[in-house]
Each structure stands twice: as structure tokens, then as C-alpha cells.
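Contents: one structure, followed by commentary.
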Amino acid sequence: MKYLFLAISSFLAIIAQMIAGSNFFLFNFLDLSLILIAYWAVYRSRIQALFVGSITGLLLDAALGWPLGYNGFGKTLAAFVIGQVARRFNVSEAWMRFALIVSASCLSSLSIYVLFGLMQRSYSNIFLRASLMQALITGVAGTILFAALDSYISAQAHKANQP
């Protein structure tokens, strides 16, 4: 049942991103699925983050009409990197979370770019520049969302400890 919830949340994140991206230009560069992956890797289980990464990537491939596996590999690789870094380092500071999300987004995009090259599919260098812009916007949005989540969690903990 837990994995069904993860799949549905991944699907809803992709749908929300597609709807917002068609209405607001800036949302074309926001990767909600990567923020969802980072949430599961930092706050929850790394295994579940890998599942969310692979499902989200496959759903993105299906939605974009790409061959299945390009985004699946990139998002799973990003989930693995975020999970390993979160396990080994203290990622509670905002600058560390920003760097983690930006580097995972860049790694995901770079792996997709390399897969396009290995499969001899047409690609453009504009993809890398757009990916860098996407990484920065996603890093800022993810850092703000995680700061708000941390603030909410600490407020709830403080509220529960009040007599």
C-alpha cells in the first residue's frame, strides 16, 4: 500500500508540473519530481526514494514520449546520490540542501544527455544550459520548501511539548 501511495504521489507531481508548466513559463524549469525524490531520500527511506525516482522517471518518459528508461535512469541515479549524501553528511543546513538538489539535478540531466549520445539520438547543447537553469530553480524551490517543512515540524514538536 505504501508503494502505491508513492506511485500516486509521483504521478500527481508530474501532472502538477505539466499543468503549471503550460500556464507559467518559470514552472517549465521547476522539477517537482526531483523535490519529491529529495524529500523521500532526506526525510524518509532511501529505498523508497529509489522507487520514487524510478517510477517518476518512467512516468516522465511516457509523458514526454521519450524511450522508456532515459529519465528513469537519471532520476534513480539522482535518488541514489541524494540518499547517500544524506546518509553520510549533515544536510540540515540550507546551503547544503541547495547544493545537494542542484548537483542531483545536474547529474540527472547529464546522465540523460549522455544516454542520448550513446543511443545516437539527436540532442542539442541548449539542453545542458536549460538543465543548469532547471537545477538552480529547483534548488531554490526545494530549499525553500524544506525550510518551511522543517519550520512546521519544529513548531509541531514545540506545540506538543507545551503543558
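Here are a few things to note about the model shown:
- For the stretch 64-77, the set of residues classified as within 19 Å of Ala16 (Cβ to Cβ) and open to solvent by less than 50 Å² (accessible area, probe 1.4 Å) consists of Asn71, Lys75, listed by residue number.
- Residue check, Val102 at pLDDT below 90 and either more than 20 Å from Leu26 (Cα to Cα) or part of a helix (DSSP H, G or I) (or both): no
- Any chance Ser92 is small (Gly, Ala, Ser), open to solvent by 60 Å² or more (accessible area, probe 1.4 Å) and not in a helix (DSSP H, G or I): yes
- The stretch 6-31 - residue that is open to solvent by 100 Å² or more (accessible area, probe 1.4 Å) and among the aromatic types (Phe, Trp, Tyr) and, of those, modelled with the highest pLDDT: Phe11
- Scan the stretch 102-130 for residues that are at negative phi and open to solvent by 100 Å² or more (accessible area, probe 1.4 Å) and the total you get is 7.
The rows are residues; the columns are (1) surrounded by fewer than 22 Cβ atoms within 10 Å (Cβ to Cβ); (2) modelled with pLDDT of 85 or more.
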| site | (1), (2) |
| --- | --- |
| Leu4 | yes, no |
| Gln48 | yes, yes |
| Gly57 | no, yes |
| Leu60 | no, yes |
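- Residue among Ala99, Ala38 that is surrounded by fewer than 16 Cβ atoms within 10 Å (Cβ to Cβ), within 15 Å of the chain's Cα centre (by Cα) and either under 18 Å from Gly139 (Cα atoms) or of a type in the set (Ser, Thr, Tyr) (or both): Ala99
The values are calculated or read from the model by the stated rules, or taken from the named source; none is laboratory data. Only a predicted model underlies this, so the values are computations on that prediction, with no experimental measurement involved. No Cβ is skipped: glycine too gets one built from the backbone with ideal geometry, and neighbour counts run over all protein chains shown. What goes into the accessible areas is simple: the full protein's heavy atoms, side chains included, and nothing from ligands, DNA or RNA. Shrake-Rupley method; radii C 1.70, N 1.55, O 1.52, S 1.80 Å.
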